[in-house]
Amino acid sequence: MSRAAQLAPCELPANEDAPDFGCIVALSRIGSGRRDGIRRQVVGIFGLSIMQKNLLQAIELALADKWDAAHEMVQKYETNTTAAWIHAVLHKIEGDDSNSRYWYRRAGKLEHLSDEPKEELAAIRKEVDERP
């Protein structure tokens, strides 16, 4: 019997990283790194994850001067570095430099501290769009 035939599929728990189409079937007997690779391929085939869509929506809200709605959306993903980067830009727009610096540090993006916010949001959007 082939290795693939020996592997039993399992359902991953639902979470905000799961794509819109419902669930991802993963192979239970392979390492998590390989499972993550399969997940990226599946997401690439079926579309962006819910989190990616929400982060893109937060960027669009920020660009439309809907700061509160954008801020509320990124707060849902505060452990994600891309969300932290968007959060940093939002506080830069707000004029809260110390809070902005905190979120840039959390995102590992301090080099963007002096970037123009709209250009920076466009760069983040491009990065999220191109992510597998």
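Things worth noting here:
- If you filter segment 52-90 down to residues that are farther than 18 Å from E116 by Cα and charged (D, E, K, R), you find that the one that is modelled with the lowest pLDDT is E78.
- S49 passes every criterion in (1) crowded, with 22+ Cβ neighbours inside 10 Å; (2) at pLDDT below 95 apart from (1).
- For segment 102-122, the tally of residues that are surrounded by fewer than 15 Cβ atoms within 10 Å (Cβ to Cβ) and either among the hydrophobic types (A, V, I, L, M, F, W, C) or assigned to a helix (DSSP H, G or I) (or both) stands at 7.
- When segment 92-107 is filtered for residues that are of a type in the set (S, T, Y) and under 20 Å from the mean Cα position of the chain (by Cα), the ones remaining, listed by number, are S100, Y102, Y104.
The values are calculated or read from the model by the stated rules, or taken from the named source; none is laboratory data. What you see is a predicted model, and the numbers here were worked out from it, not measured in a lab. Because the Cβ atoms are built from the backbone with ideal geometry, glycine has one as well, and the counts that use them run over all protein chains shown.
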